[in-house]
Amino acid sequence: MAQGFLMASDENECPEDVGYDYFQNLLSRSFFQEVQVSLLGRVEFLRAMNLPSSGIEIVPDSIGGLEHLRCLDLSRNENLKKLPNSISKLQNLQLLNLTSCHKLEELPRDISKLISLRSLEIDFCTSLTYMPSGLSQLTNLQVLSRFVLRKSTSDTKKGQSAELSELMRLNNLRRQLHITNLKHGMESKAANLKEKRHLRSLALFWDPDDNDSEAALNDEKTLEGIQSLTNLKNLGLIRYGGVVDQFRSLKVLGLVYLPALQYVMKNNGWPTTLIVLPFLQELHLVDLPNIKGWWKKDSVDDKDDDDSITEKTNHRLPSFSRLSFLNIKNCPQLTCMPLFPSLDNELILMNTSWKPFMQTILNVASNKMTRDEASSSSASSESLPLSKLMYLNIMDNQDLESLPDWLSTLSSLKILTLEDCPNLKTLSPGIQHFTSLRELRIFNCQKLDLSHGDVWRALRSLRILKLRALPQLVDLPVEIQQLNTLQYVHVEKCENHNLSTRTSLQIRVV
């Protein structure tokens, strides 16, 4: 296809189908057994073969005869399990794309002979259990999307599988690199990660079957040298057990399923700088059941209890200056982290403490008012914390009983989702401040009473209202029905409702 050799007889036929038909036709003619025939030219000089999603299950050995081939795309062939070792004869091959070959179990054992290879893409090859040894010889390699370490030390592939040291010489790697099945406490010096200066994204996955919690405390060894990667923008740590030092150039940080993690950074007392990770734009904290705070205190006098946090609210706390998206899920013990007043895209709080959210608004707003009073000027609404936030999702919150008045700074909020808040009784008084709100979603809030109509008049921009599993709902307050902007109401699994039909609203009841 890349050479323009594949011509469709039907204009509605897609190139992938044409390629597959050619491939099957060539197989039937034993083309791969004798690469001497021609297809609109001499195929032995073919430089690109693109066969994504073509249903290929077996690649014949004779593919090794295409000695001029530079590009081979077999991506999204989900039933492809193995590649013939003859592929290693393709010494001019520069790109090998096996993305989403979900059943692929291994790569050619002599892959190290592909001396011209510049790109090896194996994202979503979930059945790969190891990488063949010899990868260190592919010094032209610039794209290696995944590096899979062998789990067992006693299986039959021992001696054939690559160790972390195979990455030592691959210092031209670019874009992203995911390393899977790391062992807790494993040092990364052998991988020479500090010299991978062109990487923009790095994700480290620790072996889910490695339950050595004591060794997990030394996982910081694996991160040695990564701090020097100034081009690194995205860092993902999955099942990590240590703390995280500052990576000042990061734009995206994800900490996922780290059951032993208690603190993200280690500090003696509160940090002196007011800006944390100055370029960070997106932060994910997911499934961190034991995380307590962002900073680890060395002093026994430093406490994270409610009183100490309240006292610190009277002082300026460190903050993320550019953070736009924050996702915190299943972090029930997290009570203190840098403030995030500049958040302007989305905030997700699921099964997590309300305190970091409250600290951001109250601390920043309090300090802003103090400075404004000192200069005898009034605060600009745009400079208030979270005044530009557009999407707020609060889920699985056991403590929320009402929307507090201090949410008044959320003047730009467009969509609000409240889900699985069993003790939420009223939306007052906070709801009255959401004058820009366009869509309101309320799901599975057992005690919520929507009959207080006095707060609805303020929602002068509301267009969509979605309600699900609200047993207290009987009818929509008249004030809701009178909102001029409201266009659509969706009601689902509200068993006690008796919704009035005397309205021009488009109401869908499920």
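We did not get these values from a lab; they are worked out from the coordinates using the rules stated. Every value quoted in this text rests on a predicted model; they were computed, and no experiment measured them. So basically every Cβ, Gly included, is an ideal-geometry build from the backbone, and we count neighbours across all protein chains shown.
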Open item on the list: What distance in nm lies between label points placed 7 Å from Cα along the C-beta direction at I464 and R169?
Closed with: 5.6
Open item on the list: Over 20 Å between Cα atoms: which of K233/K388; K89/K196; K189/K221; K194/K221 fall into that group?
Closed with: K233/K388; K89/K196
Task: Contour minus Cα-Cα distance for N234 and H452 (0.36 nm per residue) - done: 73.9 nm
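Which links in K355/K425; K151/K329; K113/K151 stretch past 22 Å when you go from one Cα to the other?
Values: K355/K425 20 Å; K151/K329 29 Å; K113/K151 25 Å.
Checking Cα-Cα distances, K151/K329; K113/K151 exceed 22 Å.
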Open item on the list: Would the stretch 390-510 count as rounded, prolate or oblate if I go by the C-alpha gyration tensor, calling it rounded below 1.5 in a/c and otherwise prolate when a/b exceeds b/c, oblate otherwise?
Closed with: oblate
- [ ] Mind checking which lysines have their Cα closer than 17 Å to the Cα of K296? Skip sequence neighbours fewer than 8 apart in that chain.
- [x] K266, K312
TODO: Once you have the Cα-Cα distance between S402 and K151, take 0.36 nm times their residue separation minus that, and quote the gain in nm to one decimal.
DONE: 85.4 nm
TODO: Report the label-to-label distance for Q333 and F45 in nanometres (one decimal), using points 7 Å from each Cα along the Cα→Cβ vector.
DONE: 6.8
Task: Spin-label model distance (nm) - T435 vs K189, 7 Å beyond Cα toward Cβ - done: 6.3
